[in-house]
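Trainee: Take this structure, written in structure tokens, and hold onto it; I'll ask about it next.
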């Protein structure tokens, strides 16, 4: 709709309220918001007229500390909505809301998990050179010590985002004493079309700059004015998919990270074009297929920048059945790192696709990331 510069979170999660409109959840920064979309193209907040000051429903859900809403469904006639609500410190619960009475019912399956959580905060950092400010999600240990090691965790996509959904990985890292910084860099969804296109034809440029700026800001806050130089801080980076791209890019362009972990990482867009199930990604992000934009694709691929100057110890994890970013991408990165003499380990996960789903494998990934960082200075 021309009235809303945001993307529906899931078109399959639409909930018809009546014959003239439906409820949809939309990306809005790190949050999801619920809107009524009419067949006439009009978009409006879903509000409960008897609920205090008639605020949007996502704000009422936020009172339960679960502001991230998805999987909406409506009772026939639209009098009640149900959805799954969660927050960065609060695992998912089912909520049922009455639009007429302003009542919210919530399940209580994960109360014990919530009680032990570490704290994730949303911080807004000014955009470099003007434009849209971007949000950074910072997770700190419940009992963070001064000088805690810090992890930069860029999201994938790049046109995805870090959200206020419950993220177990951040909780696990925090439980091991790490501060986690997850920036919504230029190119992220949820901030409008101009911001979404902010890193197109510039992968590794504006987005990577935003990531480092967010990390520097978080470091300054953690130092609390102490004169420690950023370079001396225990900094690490881990990312998956396009987050793995930015991780591999960091390995080739920065010396500040004591160790890195690249998971199902895009590293060579030229070879990826012939391997992936979405070759259009290469065309869109680089301006053409390899035969049309070979120089730009090579210059913008992390693998091009892995050479003798690289020193960051790098753990490479890759799924064997990944059709989005096939295993060959991980093998190329490992070969380049070893040729450069960089400390490197490679682990491959059988049966897994682009997302690692099997519980034993997910636990293994987290254990290996933490062990790798602890080995190199955490």
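Trainee: Could you tell me which residue of region 71-109 is surrounded by the most Cβ atoms within 10 Å (Cβ to Cβ), considering only residues that are within 20 Å of residue 37 (Cα to Cα) and without any contact (Cβ under 8 Å) to a residue 12 or more places away in the chain?
Mentor: Checking each candidate, the answer is 75.
Trainee: Would you confirm, using the coordinates I've provided, whether residue 71 is part of a loop (DSSP other than H, G, I, E, B) and modelled with pLDDT of 80 or more?
Mentor: On the way: part of a loop (DSSP other than H, G, I, E, B): no; modelled with pLDDT of 80 or more: yes.
So residue 71 fails the test.
Trainee: Kindly list the number of the only condition in (1) surrounded by fewer than 22 Cβ atoms within 10 Å (Cβ to Cβ); (2) within 18 Å of residue 185 (Cα to Cα); (3) modelled with pLDDT of 80 or more that fails for residue 163.
Mentor: (1)
Trainee: Suppose we filter region 141-195 for residues that are without any contact (Cβ under 8 Å) to a residue 40 or more places away in the chain and either touching a strand residue (DSSP E or B) at 6+ places or on another chain (Cβ under 6 Å) or closer than 22 Å to residue 69 by Cβ (or both); how many remain?
Mentor: Matching residues across region 141-195 total 2.
Trainee: Here are some residues: 65, 6, 47. Which one is more than 25 Å from the chain's Cα centre (by Cα) and at pLDDT below 80? Even if it seems obvious, please write down each step before you answer.
Mentor: On the way: 65 fails: more than 25 Å from the chain's Cα centre (by Cα); 6 fails: more than 25 Å from the chain's Cα centre (by Cα).
Sole residue among the options that is more than 25 Å from the chain's Cα centre (by Cα) and at pLDDT below 80: 47.
Trainee: Restricting attention to region 242-281, which residues are surrounded by fewer than 24 Cβ atoms within 10 Å (Cβ to Cβ) and farther than 22 Å from residue 307 by Cβ?
Mentor: 273, 274, 275, 276, 277, 278, 279, 280, 281
Trainee: Among the residues of region 305-339, write down those that are assigned to a helix (DSSP H, G or I) and more than 25 Å from the chain's Cα centre (by Cα). Explain how you work it out, then say what you get.
Mentor: Let us first name the residues in region 305-339 that are assigned to a helix (DSSP H, G or I), namely 305, 327-339.
Result: 335, 336, 337, 338, 339.
Trainee: I'd like to check which strands (runs of 3 or more DSSP E) are fully inside region 117-218 and have at least 1 residues that are under 14 Å from the mean Cα position of the chain (by Cα) and under 23 Å from residue 372 (Cα atoms). Spell out how you get there, then give the answer.
Mentor: Details: elements: 119-125, 134-140, 150-152, 179-183.
Because the criterion is at least 1 residues that are under 14 Å from the mean Cα position of the chain (by Cα) and under 23 Å from residue 372 (Cα atoms), the strands (runs of 3 or more DSSP E) in region 117-218 that meet it are 134-140, 150-152, 179-183.
Trainee: Follow-up. Residue under question is residue 41, and the condition is that it be modelled with pLDDT of 80 or more and over 26 Å from the mean Cα position of the chain (by Cα); does it hold?
Mentor: Details: modelled with pLDDT of 80 or more: yes; over 26 Å from the mean Cα position of the chain (by Cα): yes.
The answer is yes for residue 41.
The values are calculated or read from the model by the stated rules, or taken from the named source; none is laboratory data. All figures in this text were calculated on a predicted structure; none of them were measured in a lab. Using ideal geometry, Cβ is built from the backbone for each residue, glycine included, and neighbour counts are taken over all protein chains shown.
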